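Participant: Before I ask anything, let me first share the structure, which is written out below as structure tokens.
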Amino acid sequence: MSDNSLKVITPVARLSYPFLAKPQPGAPGKPDKYSCALIFPPGSDLTGLKKAMLAAIEAKWPGKVNDAKFMAGLHKPLRDSPDDVLAKGYPEGSTFINVRSNQQPGMVYPWPASPGSKVPAVVPPEKVAETFYPGCYVVASLTAYGFEAEGKKGPTFGLNNLQWVKDGERLDNRRKAEEEFVASLDAAPADLADLMK
């Protein structure tokens, strides 16, 4: 089976719970992980993700994709139940997925690195948290694989790379300090240069 059947580029998704500038601490004895949730709006074409999931099941458990009882007992990474979606505060009818990586994913913009280049511009490390915030829109490169751990088994996805697509309303309602205090600006003191040192 070709590895290409396990790799997928997602439709445009909103980013949630990003741990991309630095990894999220793992459970005791487990490695730290870079991670995020991808929220797909209602009507998103998830065919590529579903095909990759089936390929991962076939790779891990050959011949089991036609076993209805086996398939019914598998963990499902694409979560769309109203209870799951509502519990996270995501828009009604959306589907979300949590993805992780031991290594920091590559992160790029949707424009070229230089005029005429066919390579996308890389997001500088110091801009990762500012660019990939909860609520921005992204496209992700994922790899599906089968897992068995802690009494669960099924297909899941590893995070490879992310491309920022456009800004969106923040999901965490956080505002920049320069936006919060606009109404309370006073005249700068005469010794401002000294204060800023």
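Participant: By how many degrees, 0 to 90 and rounded to 10, does the Cα axis of helix 47-60 deviate from the longest principal axis of the chain?
Facilitator: It works out to around 50 degrees.
Participant: Solvent-accessible area of V139, probe 1.4 Å, all protein chains present, reported in Å² to the nearest ten, please.
Facilitator: That residue has around 30 Å² of solvent-accessible surface.
Participant: Would you be so kind as to identify which of A59, L38, F96 lies farthest towards the positive end of the dipole of the range 31-101, taking Lys and Arg as +1 and Asp and Glu as -1 on Cβ and the Cα centre as origin?
Facilitator: A59
Participant: Please compute the contact order of the range 1-126 in relative form: average sequence separation of alpha-carbon pairs under 8 Å and at least six residues apart, divided by the residue count, as a percent.
Facilitator: This gives 25 percent for the range 1-126.
Participant: Explain nothing, just the number: dipole magnitude of the range 1-147 about its Cα centre with +1 on each Lys and Arg Cβ and -1 on each Asp and Glu Cβ, in debye rounded to the nearest 20. Provide the component values of the computation, followed by the final result.
Facilitator: Values: 16 positive and 11 negative charges, 60 e Å.
The dipole of the range 1-147 has a size of about 280 debye.
Participant: With θ taken as phi - 60° and the coefficients 6.51, -1.76 and 1.60, list the Karplus ³J(HN,Hα) couplings across the range 121-135 in order, rounded to whole Hz; mark glycine and proline as x.
Facilitator: Going residue by residue, I get 5, 7, 6, x, x, 6, 9, 4, 5, 6, 7, 9, 9, x, x Hz, with x marking Gly and Pro.
Participant: I need the calculated FRET efficiency for the pair K33 and A129, taking r as the beta carbon distance and R₀ as 25 Å, to the nearest 0.05.
Facilitator: 0.90
Participant: So who's got an amide H within less than 5 Å of the one on K7, skipping anything under 5 residues away but keeping other chains? H placed 1.01 Å off N, in plane.
Facilitator: HN-HN under 5 Å from K7: A144.
Participant: Cut-off 18 Å, label point 7 angstrom out along Cα-to-Cβ of M71: give me the residues of the range 126-158 whose amide nitrogen falls inside.
Facilitator: Answer for the range 126-158: 145-147, 153-156.
Participant: Using a 1.4 angstrom probe, figure out how much accessible area the chain has per residue, in square angstrom, rounded to the nearest whole.
Facilitator: Numbers: 12630 Å² over 197 residues.
Accessible surface, normalised per residue, equals 64 Å².
Participant: Can you give me the % of accessible surface on the chain that is carbon or sulfur? Probe 1.4 Å, all protein chains present, nothing else counted.
Facilitator: Within the chain, the accessible surface is 54 percent carbon and sulfur.
Participant: Which length gain, in nm to one decimal place, applies between S141 and R170 when the Cα-Cα distance is subtracted from 0.36 nm times their residue separation? Intermediate values should be presented prior to the final figure.
Facilitator: Details: separation 29, 0.36 × 29 = 10.44 nm, distance 2.24 nm.
Between S141 and R170, full extension yields an extra 8.2 nm.
Participant: Here is a further query. Apply 1/(1 + (r/R0)^6) to the Cβ-Cβ distance of N4 and Q24, taking R0 = 30 Å, and write down the FRET efficiency to the nearest 0.05.
Facilitator: That gives a FRET efficiency of 0.55.
Participant: Quick one: Karplus J couplings for the range 154-162, per residue in order, coefficients 6.51, -1.76, 1.60, θ = phi - 60°, nearest Hz, x for Gly and Pro?
Facilitator: x, x, 8, 10, x, 8, 9, 9, 10
Participant: Determine the shape class of the chain: with a ≥ b ≥ c the square roots of the Cα gyration tensor eigenvalues, call it rounded for a/c under 1.5, and otherwise prolate if a/b is greater than b/c, oblate otherwise. Each step should come with its number before you reach the end.
Facilitator: On the way: a/c = 2.27, a/b = 1.96, b/c = 1.16.
Taking the square roots of the gyration eigenvalues as a ≥ b ≥ c, the chain is prolate.
The values are calculated or read from the model by the stated rules, or taken from the named source; none is laboratory data. As the structure is a computational prediction, the values presented were derived from the model and not from experiment. Because the Cβ atoms are built from the backbone with ideal geometry, glycine has one as well, and the counts that use them run over all protein chains shown. To get the accessible areas, we keep the full protein, side chains included, count just its heavy atoms, and leave off ligands, DNA and RNA. Shrake-Rupley method; radii C 1.70, N 1.55, O 1.52, S 1.80 Å.
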